[in-house]
Amino acid sequence: MSREWPLPLAFWKWEGLGNDFVLTLTPDGPPPSAEALAREVCDRHRGIGADGLVFVTPTAGAPGMEIYNADGSLAQMCGNAIRCVAALGQREALFQGDRTEISTRSGLREVRILASPDPWVVEVDMGEPQVLDGPEFLMLGEEVRPCATLSLGNPHRVVFVEDLDAAEVERHGPVLERRHPQGLNVEFVRVLGPDHLAVRVWERGVGVTLACGTGACAALVAASMAGLTGRKARVDLPGGTLEVDWQADGRVRLVGPARQIFRGEWKPDADGASPNSDPSEHEGGGK
């Protein structure tokens, strides 16, 4: 690619329940080549490897973040990435105290650090959900399944299934993703109890991921709307567990972990990219 980014690229690698991101500080915002840069950086064979590239803008007011998916597409919001940004922001003194607001393409989102570090635990005000369509039903293979389409800053199709292990996420996910002009994140959800959900995720622009914060919120709201759960639940995903609370004021609160994996400088050569990490910066390792 024709690089319009000064190299080497200083970065941090973070994850929230296995949903992993490359974070880099960008005082002037994303570069013109952000989409191509995201594809190159997120490549798991020739780049650093991640579900997304996050440009973090340190400002005097609310820190900002811009998220690009692994395929280079722009994401409006990400519940796992924002927890990573919040933890990094406090550690790098981008804000003082245990709470701040972070600017996203879906508006300002308040975050609060509940514990730190290893892992950090962060609470996020995810805003008010918007119902785009449903409750309704759709054909999933040979079955008719209840579903709903919601937005938590980005659009989600929530499909309720009886057997999550048998859900063909890689088969049905991309088909359902394309049933919306912007593309849909798709959650396959099994209700385990009035305050307990299990979820598998097909994420637009990425594919199967271990977790999705906005998807967990959408799953709880859709389940509550359908009378399948209350307004607060533990949400189990392949990467771990999130706590979601659809509060009486209509806003959704999300609580979950964030963890730094390593930091480094990315120095791609003419034949491909090779990240240069500092093992002393692994959380739980050296420092």
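Which one of these is among the aliphatic types (A, V, I, L, M), assigned to a strand (DSSP E or B), modelled with pLDDT of 95 or more and closer than 17 Å to Val161 by Cα: Val221, Val201? After ruling out the rest, the residue left standing is Val201. Restricting attention to the range 29-55, the residues that are part of a loop (DSSP other than H, G, I, E, B) and surrounded by 20 or more Cβ atoms within 10 Å (Cβ to Cβ) add up to 5.
Per-residue answers, yes or no, for (1) touching an Asp or Glu at 6+ places or on another chain (Cβ under 7 Å); (2) in the same structural domain as Val191 (by TED's automatic domain parsing):
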position: Ser103; (1), (2): no, no
position: Leu108; (1), (2): yes, no
position: Arg112; (1), (2): yes, no
position: Pro117; (1), (2): yes, no
position: Met139; (1), (2): no, yes
position: Arg145; (1), (2): no, yes
position: Leu150; (1), (2): no, yes
position: Pro155; (1), (2): no, yes
position: Asp163; (1), (2): no, yes
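Taking the conditions exactly as written (touching a Lys or Arg at 6+ places or on another chain (Cβ under 9 Å) and either touching a residue at least 24 places away in the same chain (Cβ under 8 Å) or farther than 20 Å from Ala226 by Cα (or both)), does Ala75 satisfy them or not? Against the criterion (touching a Lys or Arg at 6+ places or on another chain (Cβ under 9 Å) and either touching a residue at least 24 places away in the same chain (Cβ under 8 Å) or farther than 20 Å from Ala226 by Cα (or both)), Ala75 qualifies. When the range 93-121 is filtered for residues that are among the acidic types (Asp, Glu) and free of Cβ contacts under 8 Å to residues at least 60 places away in the same chain, the ones remaining, listed by number, are Asp98, Glu101, Glu110. One residue stands out among those in the range 77-128 that are surrounded by fewer than 20 Cβ atoms within 10 Å (Cβ to Cβ) and among the hydroxyl-bearing types (Ser, Thr, Tyr): the one that is farthest from Cys212 (Cα to Cα), which is Ser116.
Test Gly18 against the criterion of being on the phi > 0 side of the Ramachandran plot, in the same structural domain as Ile113 (by TED's automatic domain parsing) and surrounded by fewer than 16 Cβ atoms within 10 Å (Cβ to Cβ), and give yes or no. It is true that Gly18 is on the phi > 0 side of the Ramachandran plot, in the same structural domain as Ile113 (by TED's automatic domain parsing) and surrounded by fewer than 16 Cβ atoms within 10 Å (Cβ to Cβ). Within the range 208-240, if we keep just the residues that are within 20 Å of the chain's Cα centre (by Cα), over 21 Å from Arg109 (Cβ atoms) and without any contact (Cβ under 8 Å) to a residue 60 or more places away in the chain, the residue that is surrounded by the fewest Cβ atoms within 10 Å (Cβ to Cβ) turns out to be Val208. Check the range 182-198 and report whether any residue there is at pLDDT below 95 and either out of contact with any helix residue (DSSP H, G or I) (no Cβ under 9 Å at 6 or more places or on another chain) or charged (D, E, K, R) (or both). Yes, the range 182-198 has at least one match. Per the listing Ala216, Ala258, Ala211, Ala233, the residue uniquely closer than 17 Å to Asn80 by Cβ, at pLDDT 95 or above and assigned to a strand (DSSP E or B) is Ala258.
With respect to the conditions (1) assigned to a loop (DSSP other than H, G, I, E, B); (2) surrounded by 19 or more Cβ atoms within 10 Å (Cβ to Cβ), Val244 falls short on a single one, namely (1).
Scanning the range 180-198 for residues that are in a loop (DSSP other than H, G, I, E, B) and touching a strand residue (DSSP E or B) at 6+ places or on another chain (Cβ under 7 Å), which turns out surrounded by the most Cβ atoms within 10 Å (Cβ to Cβ)? Checked the range 180-198; the qualifying residue surrounded by the most Cβ atoms within 10 Å (Cβ to Cβ) is Leu184. Among the residues of the range 185-200, the ones that are closer than 15 Å to Gly239 by Cβ and of a type in the set (Lys, Arg) come to 1 in all.
The values are calculated or read from the model by the stated rules, or taken from the named source; none is laboratory data. Keep in mind that what you see is a predicted model, and the values were worked out from it rather than measured. Virtual Cβ from ideal backbone geometry, glycine too; neighbours counted across all protein chains shown.
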